[in-house]
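Structure, as structure tokens:
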Amino acid sequence: MDVLLGAQWGDEGKGKVVDVIAPRYEVIARFQGGPNAGHTLIFEGTKHVLHTIPSGVFREGTVNLVGNGVVVDPVIFLKEVRALEAAGVDIRASLLLSRRAHLILPTHRALDAASEADKGKLKIGSTLKGIGPTYMDKTGRNGLRVGDIFQADLPDRAAALRRKHERLLSLYDQGGASPEAEAEWMDAVEQLKSFRTVDCEHYLDEALNSGKRVLAEGAQGTLLDIDFGTYPFVTSSSTICAGACTGLGVAPNRIERITGIFKAYCTRVGSGPFPTELDDATGEAIRKAGHEFGSTTGRPRRCGWLDLPALRYAVMINGITELAMMKADVLTGMDSVRICTHYRVKGEITDRMPYDVTTGVEPIYTDMPGWGAASANGRLPDTLERYIATIEQAVGVPISIVSLGPDRTETVMRQPMTAA
Ligand code: GDP
Ligand code: IMO
Ligand code: MG
């Protein structure tokens, strides 16, 4: 099994790369996150944004598996299905859901909103899709799972969980979800029953034993990981490579290639530390050129220079074997670009990600010459090659994909990639 994941704060372009390389795999499997994700795919002049469904759906012949580590909102899931069906995708033929995936209830969303409002200025900037409360119920052993929808007592169990949530909401002086939202959820659950469900650990074991190639697709990014991200400004799941094992039920020794996706610069949406953030006209120019607005919430993304200590950290934590550098086109035409090579923390220079990134982390930059327009068909400009070589040298792994635009075709394979 190969793994593809975000090496920064999410929105690196994972969806695009999965779509590009999906024909090399028989199975694409999402291993964590939920509708907080927004993975954008663009081909033949059309843009598609996926939230819960893996990014292999547009490639005929691939199975798309929603793993046990994912949290599923039945209402959002069905909307996504309908949008795909309207686009002519035979989604039911290719989609499998793990029975162990947990369900997001309307009151999980209400709890998310109440918790964020309660935090005031310290809010995480959550997408408010109920992700945190759903994973809390999972680890708190209260959750409902996809497999439960086939049980006769599901309505009673959902009502009991809802009552529990309402008690918690009353502590925040908030009410529960509307009766309409509750009815819509029950209706969506009914419809969910018509999808194929599997025990994904057994399904993937058999697939791998029979020589099928599997790609695990991550959501969010390494710096949003619950353990190794910029806590508490993180999401509630394991976004790192280890999360692919727990989120799919696949043993670590079956993992082969691990591809880290990063942008030629950095972005972050929501609150939390961001050492190389550009709070100036350059940041604004990058946001404009890169259309840096959230795929799920439409919020403007914060922009800044590439952060090598953070990227090196992502390579280490995930065991990344190769990198894909996205959005090199966005920096086109700049006279010079900056790379953060080290941090100064309490007067000391370090290339490590410190425990506390919130205050006192000052980036140290190297300036490099910018590059002119590049095309996926021709040679990359020398200055862009130098930028790439500098990153490869600093992090110690090759950059095997360079993306020069949002479309499938705007992709350069620097080394031939074959699924192992
Ligand atoms: P994901 O969550 O990691 O899948 O990334 P998103 O889809 O949220 O955000 C990436 C955005 O950048 C999307 O709008 C993509 O269409 C776009 N994109 C991806 N690669 C490139 C690229 O190389 N150049 C440009 N200009 N846009 C890109
Ligand atoms: P993809 O898969 C970027 C951010 C939110 C917030 C924090 C917690 O498209 O890369 P949550 O909704 O999980 O409670 O939010 O994490 N966040 C993302 N940022 N890309 C994502 O997903 C994200 N999913 C969550 O903005 O700061
Ligand atoms: Mg996204």
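Observations on the structure shown:
- Taking the criterion of being among the aliphatic types (A, V, I, L, M), more than 16 Å from ligand 3 (Cβ to nearest atom) and under 24 Å from M353 (Cα atoms), the residues of the stretch 250-299 that qualify are I258, A264, L278.
- When residues of the stretch 332-383 are limited to those that are of a type in the set (A, V, I, L, M) and part of a strand (DSSP E or B), the one most open to solvent (accessible area, probe 1.4 Å): I349
- Checking Q220, Q191 one by one, the residue that is part of a helix (DSSP H, G or I), of a type in the set (S, T, N, Q) and within 29 Å of R82 (Cβ to Cβ) is Q191 and no other.
- As a summary of the residue check, D173 satisfies the conditions (1) on the phi > 0 side of the Ramachandran plot; (2) in contact with a Gly (Cβ under 9 Å, 6 or more places away or on another chain); (3) among the acidic types (D, E) except for the one numbered (2).
So that you can scan it fast, the table gives a plain yes or no per residue for (1) touching a Leu at 6+ places or on another chain (Cβ under 7 Å); (2) part of a helix (DSSP H, G or I):
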position	(1), (2)
L111	yes, yes
S115	no, yes
G120	no, yes
G125	no, no
L128	no, no
G132	no, yes
Y135	no, yes
K138	no, yes
L169	yes, yes
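- If only residues of the stretch 276-286 that are surrounded by 16 or more Cβ atoms within 10 Å (Cβ to Cβ) and assigned to a helix (DSSP H, G or I) are counted, the one that is nearest to the chain's Cα centre (by Cα) is I286.
- Among the residues examined, T139 does not qualify as under 23 Å from H39 (Cα atoms) and either without any contact (Cβ under 8 Å) to a residue 12 or more places away in the chain or buried (at least 19 other Cβ atoms within 10 Å of the Cβ) (or both).
- Scanning the stretch 45-81 for residues that are in a strand (DSSP E or B), within 16 Å of ligand 2 (Cβ to nearest atom) and either closer than 21 Å to G294 by Cα or open to solvent by 10 Å² or more (accessible area, probe 1.4 Å) (or both) turns up K47, H48, V49, L50, V70, V71, V72.
- Residue that is farthest from ligand 1 (Cβ to nearest atom), among those in the stretch 264-285 that are out of contact with any helix residue (DSSP H, G or I) (no Cβ under 6 Å at 6 or more places or on another chain) and among the hydrophobic types (A, V, I, L, M, F, W, C): A281
- Test: D90 is over 28 Å from L161 (Cα atoms), of a type in the set (D, E, K, R) and either over 18 Å from the mean Cα position of the chain (by Cα) or crowded, with 18+ Cβ neighbours inside 10 Å (or both): yes
- Test for A289: is it surrounded by fewer than 23 Cβ atoms within 10 Å (Cβ to Cβ) and either away from ligand 2 (no atom under 16 Å from the Cβ) or at pLDDT below 95 (or both): yes
- Filtered residues of the stretch 2-25 (kept if more than 13 Å from ligand 3 (Cβ to nearest atom) and open to solvent by 10 Å² or more (accessible area, probe 1.4 Å)): V20, P23, R24, Y25
- Residue in the stretch 257-275 that is farthest from ligand 2 (Cβ to nearest atom), counting only those that are crowded, with 24+ Cβ neighbours inside 10 Å and among the polar types (S, T, N, Q): T259
- Any hit, the stretch 184-205, residues being open to solvent by 40 Å² or more (accessible area, probe 1.4 Å), farther than 26 Å from S94 by Cβ, modelled with pLDDT of 95 or more and not small (G, A, S): yes
- Check on T411, open to solvent by 30 Å² or more (accessible area, probe 1.4 Å), of a type outside the set (D, E) and away from ligand 2 (no atom under 16 Å from the Cβ): no
- Residues located in the stretch 27-37, provided they are under 16 Å from S295 (Cα atoms) and open to solvent by less than 10 Å² (accessible area, probe 1.4 Å): G33, G34, P35, A37
- Matching option when the condition is within 14 Å of ligand 3 (Cβ to nearest atom), of a type in the set (A, V, I, L, M, F, W, C) and in a strand (DSSP E or B), among I28, I42: I42
The values are calculated or read from the model by the stated rules, or taken from the named source; none is laboratory data. Just so it is clear, the model here is predicted, and its values are computed rather than measured. Positions of Cβ are generated from backbone atoms using ideal geometry, with glycine treated the same way; all protein chains shown enter the neighbour counts. These area figures cover heavy atoms from the full protein model, side chains too; ligands, DNA and RNA do not enter into them. Shrake-Rupley method; radii C 1.70, N 1.55, O 1.52, S 1.80 Å.
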